[in-house]
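Shown next, in structure tokens, is the structure this report addresses.
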Amino acid sequence: MEKFCIQGMKPLFGKVQAGGSKNAALPILAATLLSESPSVLHNVPDLLDVQTMVKVLETLGVKVERLSRGTYRIHPGDLNTSNAPYELIRKMRASFLVIGPLISRLQRAHVPLPGGCAIGSRPVDLHLKGFIHLGVKVTTHSGYIEAWSDGLKGDEVYLDFPSVGATENIMMLAATIDDETIIANAAREPEVVDLARFLSAMGAEIEGAGTDTVIVRGVKKLRGCEHYIINDRIEAGTFCVIAAATGGELTVQGVHPSLILSVTTKLEEVGAQVKRVGDQAVCISMEGRPRGTDIKTMPFPGFPTDMQAQFMSLLCLADGVSVVTEAVFENRFAHVGELERMGANIKVEGRSAVVLGVDTLTGTQVTATDLRAGAGLVIAGLAAEGETEIYGISHVDRGYEDLECKLGLLGATIERVSE
Ligand code: EPZ
């Protein structure tokens, strides 16, 4: 096991490039199963979660070739089982995204119900309701989902909540139904749009991706294709907050400023300077203490739940009071206790946390409990006085590629050492 050791209170300066998006790469890797012919994916980030998804595909009999850093060729023609492995679904619930493609290719799927995780119970009822609307039969037994179909049809599917995963799973299944499917109250995240681009390149016709109503006209046979994964807006947003939290100046490259507008707008509210640099970068700088502000996480284009922990770390040092409301997941404040160990003053009331800004945070030992909580603790460590040791950084490695190298190049003193 490894930990990060960070010497804080160093302003970071320079340029940093966002890598490939984890949350676009995972559904698109699953979507390669929809055709029998190979697909080539570029700009795939080198992350633990991607390695897990590759293992899921290989367990299903699919050959995955790593052609170079970030480029993979997937051979789905060898798909030979509809049973997804419990140990991998347990490790990463996004593996559940293979169920739609399995039903499409094999007319059946035997997939473990993904359990909850640190941030919530993570149900999949909306995925299953959508499948049933399209003609899939579903039973659950001993923690597994048994799904099968003897004829699929298009339909209008309404999602009670604009679930990213449910939108993606239903889109993938609908892409191979020679009919029209409408997904109402669909997720609008850029990663859903990237998946729609991939499915269109495979031969499906998709309208409205990125809006709350997606129309899918599928075809029986999709073909493999070549696709360049979009960059990671959450990694970009994380570096924007790092610039403000360390009182430095960073140019964050590779993501259209509109995709992180909710984050940069909140950074301006706390007193950061935000400058757009063309269509693919923003420059963030901060002098003095941030002011307090209120954050409420919402589905895209609202403030991302995946940025909540990172922004809370910044608000811990604000000159003022902030209220952070987590409206997407029911239990995403695990980082609060760790921040309090560093001297933060936070009161959690239900789905809101009241953050009373303090002058300084003090480095100590803390533990990451999930990916974004870990990122939040890295930010707190970079801004804190003294040394911070962050345990459980395998969570951080799930979603951030070479984080300590990128931070080191910007002037941070951060080391990865064994625990
Ligand atoms: C995706 O998870 C992301 N993961 C998450 O990123 C992200 O936090 C989340 O979307 C929200 O943006 C990937 O894309 C791999 P949801 P997903 O379905 O699809 C409820 C990270 O840190 N819900 O939009 O699982 C659910 O309980 C990860 O990179 C149902 O009730 O999120 C939650 O409260 C963490 N029934 C809300 O919807 C369902 O069937 C949002 O979940 C599905 C979801």
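The values are calculated or read from the model by the stated rules, or taken from the named source; none is laboratory data. In this text the structure is predicted, and so the values were computed from the model without any measurement. Every residue, glycine as well, gets a Cβ built from its backbone with ideal geometry; the counts of neighbours run over all protein chains shown. The area values use the complete protein model at the heavy-atom level, side chains included, leaving out ligands, DNA and RNA. Shrake-Rupley method; radii C 1.70, N 1.55, O 1.52, S 1.80 Å.
Observations
- All strands (runs of 3 or more DSSP E) inside region 321-392 with 1 or more residues being free of Cβ contacts under 8 Å to residues at least 60 places away in the same chain and of a type in the set (Lys, Arg): 345-349
- Within region 270-293, the set of residues being touching an Asp or Glu at 6+ places or on another chain (Cβ under 9 Å) and either surrounded by fewer than 22 Cβ atoms within 10 Å (Cβ to Cβ) or not hydrophobic (A, V, I, L, M, F, W, C) (or both) comprises Gly271, Gln273, Val274, Cys283, Ser285, Gly288, Arg289, Pro290, Arg291, Gly292, Thr293.
- Residues in region 121-132 that are of a type in the set (Lys, Arg) and part of a loop (DSSP other than H, G, I, E, B): Arg122 alone.
- Residues that are farther than 10 Å from Ala245 by Cα and either open to solvent by 10 Å² or more (accessible area, probe 1.4 Å) or not hydrophobic (A, V, I, L, M, F, W, C) (or both) within region 306-320 comprise Asp306, Gln308, Asp319, Gly320, listed in sequence order.
- The numbered conditions (1) within 16 Å of the ligand (Cβ to nearest atom); (2) under 30 Å from Val219 (Cα atoms) are all true for Ser39 except (1).
- Filter pass, Asp78 being touching a Gly at 6+ places or on another chain (Cβ under 9 Å), within 13 Å of the ligand (Cβ to nearest atom) and acidic (Asp, Glu): no
- Single unsatisfied condition, Tyr86 versus (1) within 14 Å of Ala30 (Cβ to Cβ); (2) away from the ligand (no atom under 12 Å from the Cβ): (1)
- For region 328-337, the tally of residues that are within 15 Å of the ligand (Cβ to nearest atom) and buried (at least 16 other Cβ atoms within 10 Å of the Cβ) stands at 6.
- Pairing each residue of region 242-268 that is outside any helix (DSSP H, G or I) with any residue that is hydroxyl-bearing (Ser, Thr, Tyr), provided the two are 6+ apart or on different chains, yields C-beta distances under 6 Å for Glu249/Ser285.
- Among residues of region 348-361 being away from the ligand (no atom under 12 Å from the Cβ) and over 15 Å from Ala318 (Cα atoms), the one that is surrounded by the most Cβ atoms within 10 Å (Cβ to Cβ) is Ser352.
- Condition check for Val252: open to solvent by less than 30 Å² (accessible area, probe 1.4 Å), aliphatic (A, V, I, L, M), within 25 Å of Ser37 (Cβ to Cβ) and away from the ligand (no atom under 16 Å from the Cβ): no
- For Arg289, the conditions (1) within 16 Å of Ile234 (Cα to Cα); (2) in a loop (DSSP other than H, G, I, E, B); (3) more than 22 Å from the chain's Cα centre (by Cα); (4) not small (Gly, Ala, Ser) all hold with the exception of (1).
- Residue list for region 210-232, restricted to those being within 18 Å of the chain's Cα centre (by Cα), open to solvent by 20 Å² or more (accessible area, probe 1.4 Å), within 16 Å of the ligand (Cβ to nearest atom) and in contact (Cβ under 8 Å) with a residue 24 or more places away in the chain: Ile230, Asn231
- Condition broken by Thr139, with the remaining ones in (1) open to solvent by 50 Å² or more (accessible area, probe 1.4 Å); (2) over 30 Å from Tyr228 (Cα atoms); (3) part of a loop (DSSP other than H, G, I, E, B); (4) more than 15 Å from the ligand (Cβ to nearest atom) satisfied: (3)
- Listing of strands (runs of 3 or more DSSP E) fully contained in region 1-120 that carry 1 or more residues being out of contact with any Lys or Arg (no Cβ under 8 Å at 6 or more places or on another chain) and touching a residue at least 24 places away in the same chain (Cβ under 8 Å): 2-7, 13-17, 39-42, 71-75, 108-112
- Within region 142-199, being aliphatic (A, V, I, L, M), open to solvent by 10 Å² or more (accessible area, probe 1.4 Å) and more than 12 Å from the ligand (Cβ to nearest atom) holds for Leu152, Ile182, Ala184, Val193.
- Count of region 1-32 residues, restricted to those that are of a type in the set (A, V, I, L, M) and within 16 Å of the ligand (Cβ to nearest atom), is 8.
- Yes/no for Ala118 being within 16 Å of the ligand (Cβ to nearest atom) and touching a Leu at 6+ places or on another chain (Cβ under 7 Å): no
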